[in-house]
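Below you'll find the structure, written out as structure tokens, and then a few comments.
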Amino acid sequence: YRRIIKVIAPYCDVLLCETMSTVSEAKAACVAASEINNKLPVWVSFTLDEFKPVLRSGETLHEAVEALADIGDDCIQAYLVNCTSPESVTLAIPILNSLLEDKRQAAGNGCSPIMIGGYANGFATSTDAKDEYRDISEAEYYDFVSKWIDSGATAVGGCCGIFPPHIAYIRKRLDEMSNNK
């Protein structure tokens, strides 16, 4: 990871350690990202089991967040989940919110704000490559996203199988919500 980060950092605004499937992988990537001289913000995103909010390795989000705690208070600015089902993201966001509550409340007291969020796949994992994509509509995906926001997510989006019309629909609905306040 150090080699990768050394090459890409001059061209980045943020370093996203994405689709981390084990705690050790996430720690290695985030440590390497934290060591660069220009101190770019680091975001970490974990890929989860399709049916329960644990890393693909079986490790818990609690273990993942705890393992990254000693990297530095201002280093990791976002804890995300991606490349999994919308249902798994829905289960994970409240867990992340609870685990990071103290860090999120410290924002503004000399600490960088901590974001949590998710961006799910639009397909189900398939063992036989048949019917892998489910035809998730923009409105259906937004229903998941709105649950994530209600549970504390401040960064949302889409991963594999979520397309520009889905993101445009999310943006439209969020703008409508803002205008109604």
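The values are calculated or read from the model by the stated rules, or taken from the named source; none is laboratory data. Remember, predicted model here, so these are calculated numbers, not experimental data. No Cβ is skipped: glycine too gets one built from the backbone with ideal geometry, and neighbour counts run over all protein chains shown. Keep in mind that these areas ignore ligands, DNA and RNA; they rest on the heavy atoms of the full protein, side chains included. Shrake-Rupley method; radii C 1.70, N 1.55, O 1.52, S 1.80 Å.
Quick notes
- Stretched out straight at 0.36 nm per residue, the stretch from Ala28 to Asp135 would grow longer than its current Cα-Cα span by 34.9 nm.
- According to the Kirkwood relation over distinct C-alpha pairs, the hydrodynamic radius of the chain is 16.9 Å.
- To put it simply, the accessible area of segment 1-79 at a 1.4 Å probe is 54 percent carbon and sulfur.
- Estimated inter-spin distance, Glu66 and Ser21, nm [label 7 Å along Cα→Cβ]: 2.4
- Rounded to the nearest 500, the helix-only mean residue ellipticity at 222 nm of the chain stands at -12500 deg cm²/dmol, with each DSSP H run of n ≥ 4 adding -39,500 (n - 2.57).
- When the pairs Lys39/Lys147; Lys39/Lys103; Lys52/Lys172; Lys39/Lys181 are compared against a 25 Å limit on Cα-Cα distance, Lys39/Lys147; Lys52/Lys172; Lys39/Lys181 fall above it.
- Solvent exposure of segment 36-89, expressed per residue, is 41 Å² of accessible area, with all protein chains present and a 1.4 angstrom probe.
- Ranked packing of 80-88, 57-65, 172-180, most packed first, by mean Cβ within 10 Å: 80-88, 57-65, 172-180
- Max mean-square fluctuation residue, GNM over the chain, Cα-Cα springs under 10 Å, options Ala67, Ala168, Ala28: Ala168
- Kirkwood analysis of segment 1-82, using all unique Cα-Cα pairs, places the hydrodynamic radius at 12.7 Å.
- Look at the alpha carbon pairs under 8 Å that are at least 6 residues apart: their mean separation over the length of the chain gives a relative contact order of 17 percent.
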